[in-house]
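Encoded as structure tokens, the structure appears first; notes follow it.
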Amino acid sequence: MIDAHIHIFPPYRSARAVRWLKRSIPRVDVDESISETDILETLDASGISYFFNYVYPLRPGESRSLNEFNYRLSKRVNNAVCFGSVHPGNRDRKEIVEEAILDFGLMGLKFHPFVQGFDILDERMDMVYATMERLNRPIVFHTGFDRFYGARMGPDVMDKLLTRYPGLVVVIAHMFYPDIAGAFRLLKKHENVYLDGTNIFSDYREPVDGENVFEGRVVQDRGAEEYAVYFYHSLKELEAFSHRIMIGSDYPVAMNDPGRIYDTVRTLNISAASLENITERTARNFIKRFKPEFFQGNSVLQETGG
Ligand SMILES: [Zn+2]
């Protein structure tokens, strides 16, 4: 299984991220001192063959060092598929993107517009999108959970971006939750779109007297009502587009125990072929599409990775 959404950060960012998560989900069993080794051990024990690692700068001064961090990680950990990022406030955005992709050999870029504080149609990002379109490398965007972030970005805005850059490959992380249908509309309309179901298959639940900041839907569990975050969209569509859908955990800032998340995915009531797509094959083909040389240095892992 490939986890297409992991956040190994440098320790100073990791501790902050875990503290932030635990303010919202106190019961998650993860310590703010969690290390790269801890994360890698958990992934290994959970049967994860490869993982995508995302970092993104909160301020312009952090862009290059974070990209370099992920470059070093990619050299140290040969089953890590590492992505870079940049901040809209960087004046040398084009150079930073080219360094990330061409010099550091990172797979693509990841952005979290809510946390990084920008609108995806911000004109400062035009050069970034044009460069990525020219280099034929993907951009992963955080989408969804607007109530939690106190921000708003709907599929309509992403549609404009995809229309402006028809050659740009975009991964819609979290499927615009709770507007999963909106994410599928974009998937059908734009052939360069992939979906990442991270958090949606987390089996996150909370009592109905909670705040429901994660916009769960009311479900019945042994007679009790709970708010649940889950894939309430058509399983037929999940199957039909499974060759363009990946999943991940967001570990160590996941909404649930990673084992629970992987079990939720593995027990989905879909065909074995579609399940293999979303758990492994789509991500593997995605890596091959953009960095075919990635697997060449990893022949042993490739065999054990299925
Ligand atoms: Zn994430």
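Read-outs throughout are calculated quantities, based only on the coordinates presented, and are distinct from any laboratory measurement. Note that this is a predicted model, so its numbers are computed, not measured. Counting neighbours? That spans all protein chains shown, and the Cβs are built from the backbone with ideal geometry, glycine included.
Going down the table (K189/K291; K94/K236; K94/K288; K22/K291; K94/K189; K110/K236), which pairs top 32 Å between alpha carbons? Violating the 32 Å limit, Cα to Cα: K94/K236; K22/K291.
Taking every C-alpha pair closer than 8 Å and separated by at least 6 residues, the mean separation divided by the residue count of the chain gives a relative contact order of 18 percent.
For the range 200-299, the list of chymotrypsin sites (Phe, Trp or Tyr not before Pro) that fall in a loop by DSSP and count at most 15 other C-beta atoms within 10 angstrom reads Y232. Each of R266 and E95 was given a label point 7 Å from its Cα along the Cα-to-Cβ line. The distance between the two points is 4.8 nm. Computed from the C-alpha gyration tensor, the three semi-axes of the ellipsoid equivalent to the range 1-87 are 20, 19, 10 Å, from longest to shortest.
Applying a DSSP loop filter and a limit of 10 other Cβ atoms within 10 Å to the trypsin sites (Lys or Arg not before Pro) in the range 1-82 leaves R27.
Where is the GNM fluctuation largest for the chain (alpha-carbon springs, 10 angstrom cutoff): L187, L121, L168? Result for the chain, Cα springs under 10 Å: L121 fluctuates most. Per residue, the average separation of C-alpha pairs within less than 8 Å and at least 6 apart gives the range 110-179 a relative contact order of 41 percent.
Taking N as the residue count of the chain, its C-alpha radius of gyration divided by 2.2 N^0.38 Å amounts to 0.94.
Where only DSSP H runs of four or more residues are counted, the chain gives -10500 deg cm²/dmol as its mean residue ellipticity at 222 nm, each run worth -39500 (n - 2.57). Loop only by DSSP, 13 or fewer other Cβ within 10 Å of the Cβ. Give me the GluC sites (Glu not before Pro) in the range 204-259 that pass, ordered by residue number. Sparse-neighbourhood loop GluC sites (Glu not before Pro): E211. The convex hull of the Cα atoms of the range 170-306, projected and averaged over all directions, covers 9.4 nm².
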